[in-house]
Amino acid sequence: MTQITDMVSMETEGDVAVVTVDNPPVNALSAGVRTGLYEAVTKADADDSVKSILIVCSGRTYIAGADIKEFGQAPQGTPLPDVHSAIENASKPVVSTIHGTALGGGLETALVCHYRVAVDSAKFGLPEVKLGLLPGAGGTQRLPRIVGVQKALEMMTSGDPIGAKFALECGLIDEIVDDLKEGGLAFVKKIVEEGRPLVKVSDSNDKLAEAKGNPDLFAGFRKAIARKARGFEAPEAIIQCVEAAVNSDSFEDGMKAERERFMTLVTGAQSAAQRYYFFAERQANKIPGIDKDIELIPVKSVGIIGAGTMGGGIAMNFATVGIPVTITEPDQDRLDKGLGVVRKNYERSVKSGRLTMDDVDKRMGLITPTTNIEDLKDCDLVIEAVFELMDIKKDIFTKLDSFMKDGAILASNTSALNLDEIASVTKRPEMVIGLHFFSPANVMRLLEVVRGDMTADRVLATCMAIAKKIRKVAAVSGVCPGFIGNRMLYARGVQANKMIFEGPMPWDVDRVLFDFGFPMGPFAMSDLAGLDIGWDESKSKGETIRDRLCEMGRRGQKTGQGYYNYDPKTRAKTPEPEVEKLINEFSEKKGKTRREFSDDEILERCIYPMINEGAKIIEEGMSFRPSDIDVVWVNGYGWPVYRGGPMHYADSIGLDKVAARLKEFQAQDNDDFWQPAPLIEKLVAEGKGFKDM
Ligand code: 3HC
Ligand code: NAI
């Protein structure tokens, strides 16, 4: 075996040169891999004793893409196009044998080989769009030539991979093999024996024909993804590259179009934010001070208390990944109702083709209902999701403490109550933790894991691992009012609610935040949640806008009216003149002079309080790092990922500018709400940003 670089080696098996990539954990195309592949292929091509070349990867996967850490750095090693040219133009067959995930630049490398084989668990995709990029090494030109234009557009704008079976059907791979290396070797020997040609994907144009002279295909596709792609630059750039693949006179012209657009994206703010976010999400899972090899508590069964809005959704997360759940309500009717909702949710996935009835039955079979809370006693983890009242929660935890087996994790889904107070009623506060799911709990990706004062490291580490298992993105929060997400949401709400008496109407504020990239603004969100949450008719004195709206029967979307009027059929919202009148009356009563606000000011008055609150959360030690806060906001509150999250956004503006603006608002409003957090002042004084922490 010859070591070509520290990441690539080559050995000969008879007359086959086997080139092995070994760059753990995911065999990213780092400089050492590119240079190694280039040199190995060039050397093997020049060696007359070699008849064919097989590329294989060590470890858990084939090449999973470019090395994301290299973007934005000075280029090193052999450029990827040179590697691809050496492979595609080799004078003897080059074959990739694939396992794990062939992604991004990895799949693009496989596509320049003359043939590809894979084990049946392999997956293939071009997920660059998730990093604000497009496939920049020929993927936009070669993939449509293999899977067809429509499918290529779908794959590249969603970033979702396909499996080996479909890859075989459409010709992306030539054979499914049982054994990665032996199967690859047998295939490569066979094609040499049969004298098969050196196939170049770039030569085959058949599958582009359907789209040639058919602009409707692209127009229809743009329309179909418009809602999902709103605000993102990469999907449109990908579509343009595929149009170039279809309409250019030559393959090279298409490659040129791809290169130009790739360079624009890779140097742009969106991709910088999305690449930052990629690492933020992985970082959030690492807990400072806890050894990554800490022994975890095995969680083989879960108990859930309360089968309401949250309990049912939480149960689905576990049943979906095959973990049995016992769920309890004191009352049989409520229990039946809760399980009915769970079944209906699963059945909706049957209608959309994502599940079969058999899957539904299997999952429902994993959920055991009971009205006897003590049936949960042997569960490894219990999650309480009952009404948000401290007395009830304390009562439940006292009971749990009395009958739960030793070593069980006791979790609460509270969204605002003090977890330490809940834990204090037990004799095992070290086993108590907050698992704050977001609604709908079976859909939303975020899980705020709330670490109490006494929570044991092992309990925390186990819950982070469970989050991954149930496919949630977890971020750790300390115990503080609203934890990370709701605490910052509250800060934004304070200013949004104040602003409407001074100038903009709710729909102006909502429009600015929608245009920024949120799915909706704070007033539309309140209408969706219901304006009467926490509102008590018997105590209402019409003192706030919300009181007045609720008194008028305008309780949000569910009543067809709130801040907005809602079309009963389409749910489209329109501003209501009566609400405008009411707001103007309140302004007058409060002695406010209404004035014009620019969109920029509206945005700053909503976002900067969040940044300031985020800084306070960090300095109080309620969050380990600024990027965890970004993970919370992107996954739980619809912060547009192409802006990275509030803390990344602050850095991208410049923390000094944010601080200066906070001080301007402080002076303008004569309100210490705007006083910059000491952490912001400190970082600005040091010429640093959150990213430097
Ligand atoms: N570059 C650098 N590091 C990477 C990486 C990449 N492409 N992909 C993963 N990593 C790192 C992660 O940061 C993580 O590091 P850590 O252990 O220090 O936190 C480690 O590898 C393991 O990653 P995951 O925790 O995500 O492991 P999983 O097993 O859950 O998932 C995966 C594996 C499916 C490969 C997933 O990591 C993934 O989706 N990676 C990104 C793939 C991608 O986007 N490829 C395209 C890159 S852009 C490109 O290729 C441009 C080209 O067109 C020119
Ligand atoms: P819900 O009212 O829909 O459900 C609560 C359920 O608990 C009811 O079905 C009730 O019958 C049951 N219950 C009450 N006492 C019980 C007991 N002693 N034993 C067993 N079951 C009992 O409430 P929801 O919305 O599901 O909220 C539950 C918890 O989740 C609350 O703490 C809430 O703050 C939190 N939460 C709610 C979110 C939401 O958007 N709804 C989001 C995140 C957290």
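The values are calculated or read from the model by the stated rules, or taken from the named source; none is laboratory data. Note that the structure is a prediction, hence the values are computed from the model and not measured. Note: ideal-geometry Cβ built from the backbone for every residue, glycine included; neighbour counts use all protein chains shown. Just so you know, the surface numbers come from the protein's heavy atoms only, side chains and all, with ligands and any DNA or RNA stripped out. Shrake-Rupley method; radii C 1.70, N 1.55, O 1.52, S 1.80 Å.
Data table
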quantity	calculated
Failed item, numbered, when Thr356 is tested on (1) touching a residue at least 24 places away in the same chain (Cβ under 8 Å); (2) in contact with a helix residue (DSSP H, G or I) (Cβ under 7 Å, 6 or more places away or on another chain); (3) more than 16 Å from ligand 1 (Cβ to nearest atom)	(1)
Unique match (being closer than 19 Å to Thr61 by Cα, in contact (Cβ under 8 Å) with a residue 40 or more places away in the chain and assigned to a loop (DSSP other than H, G, I, E, B)) among Leu172, Leu133	Leu172
Any hit, the range 615-628, residues being within 21 Å of Phe232 (Cα to Cα), in a helix (DSSP H, G or I), more than 20 Å from the chain's Cα centre (by Cα) and of a type in the set (Val, Ile, Thr)	no
In the range 99-114, residue nearest to ligand 1 (Cβ to nearest atom) [restricted to those that are part of a helix (DSSP H, G or I) and hydrophobic (A, V, I, L, M, F, W, C)]	Leu107
Qualifying residue in the range 579-587 (condition: over 29 Å from the mean Cα position of the chain (by Cα) and surrounded by 24 or more Cβ atoms within 10 Å (Cβ to Cβ))	yes
Criterion (over 18 Å from Gly136 (Cβ atoms) and modelled with pLDDT of 95 or more) met by exactly one of Thr35, Thr109	Thr35
Residue within the range 354-377 that is within 16 Å of Ile409 (Cα to Cα) and open to solvent by less than 40 Å² (accessible area, probe 1.4 Å) present	yes
Unique match (being open to solvent by 60 Å² or more (accessible area, probe 1.4 Å) and either within 16 Å of ligand 1 (Cβ to nearest atom) or at pLDDT below 95 (or both)) among Glu388, Glu421, Glu430	Glu388
Flag if Val321 is in the same structural domain as Ile392 (by TED's automatic domain parsing) and within 16 Å of ligand 1 (Cβ to nearest atom)	yes
Selected residue (criterion: nearest to ligand 2 (Cβ to nearest atom)) from residues of the range 290-306 that are of a type outside the set (Val, Ile, Thr) and at pLDDT 95 or above	Gly306
Residues of the range 333-373 satisfying the condition of being assigned to a loop (DSSP other than H, G, I, E, B), more than 14 Å from Gly312 (Cβ to Cβ) and in contact with a strand residue (DSSP E or B) (Cβ under 8 Å, 6 or more places away or on another chain)	Thr371, Asn372
Qualifying residue in the range 155-175 (condition: at pLDDT 95 or above, surrounded by fewer than 21 Cβ atoms within 10 Å (Cβ to Cβ) and more than 31 Å from the chain's Cα centre (by Cα))	yes
Residue that is surrounded by fewer than 24 Cβ atoms within 10 Å (Cβ to Cβ), more than 18 Å from Gly32 (Cα to Cα), modelled with pLDDT of 95 or more and in contact with a Leu (Cβ under 8 Å, 6 or more places away or on another chain), where the choices are Pro135, Pro144, Pro127	Pro127
Residue satisfying all of: in the range 199-217; in a loop (DSSP other than H, G, I, E, B) and either closer than 25 Å to Ala137 by Cβ or of a type outside the set (S, T, N, Q) (or both); most open to solvent (accessible area, probe 1.4 Å) among these	Lys212
Pair list, Cβ < 7 Å and 6+ apart or interchain, from the range 429-445 residues that are among the polar types (S, T, N, Q) to residues that are more than 16 Å from ligand 1 (Cβ to nearest atom) and open to solvent by 50 Å² or more (accessible area, probe 1.4 Å)	Ser439/Thr309
Qualifying residue in the range 454-465 (condition: within 16 Å of ligand 1 (Cβ to nearest atom), under 20 Å from Ile287 (Cα atoms) and open to solvent by 10 Å² or more (accessible area, probe 1.4 Å))	yes
The range 483-512: number of residues that are open to solvent by less than 10 Å² (accessible area, probe 1.4 Å) and either of a type in the set (Gly, Ala, Ser) or within 30 Å of Leu419 (Cβ to Cβ) (or both)	8
Cross-chain or 6+ apart pairs with Cβ under 9 Å, the range 66-83 first and of a type in the set (Phe, Trp, Tyr), then surrounded by 15 or more Cβ atoms within 10 Å (Cβ to Cβ)	Phe71/Leu131; Phe71/Leu133; Phe71/Val266; Phe71/Ser271; Phe71/Ala272; Phe71/Arg275
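Condition check ((1) open to solvent by less than 10 Å² (accessible area, probe 1.4 Å); (2) more than 9 Å from ligand 1 (Cβ to nearest atom); (3) assigned to a strand (DSSP E or B)) across all residues:
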{"site": "Thr20", "(1), (2), (3)": "no, yes, yes"}
{"site": "Val33", "(1), (2), (3)": "yes, yes, no"}
{"site": "Asp45", "(1), (2), (3)": "no, yes, no"}
{"site": "Lys69", "(1), (2), (3)": "no, no, no"}
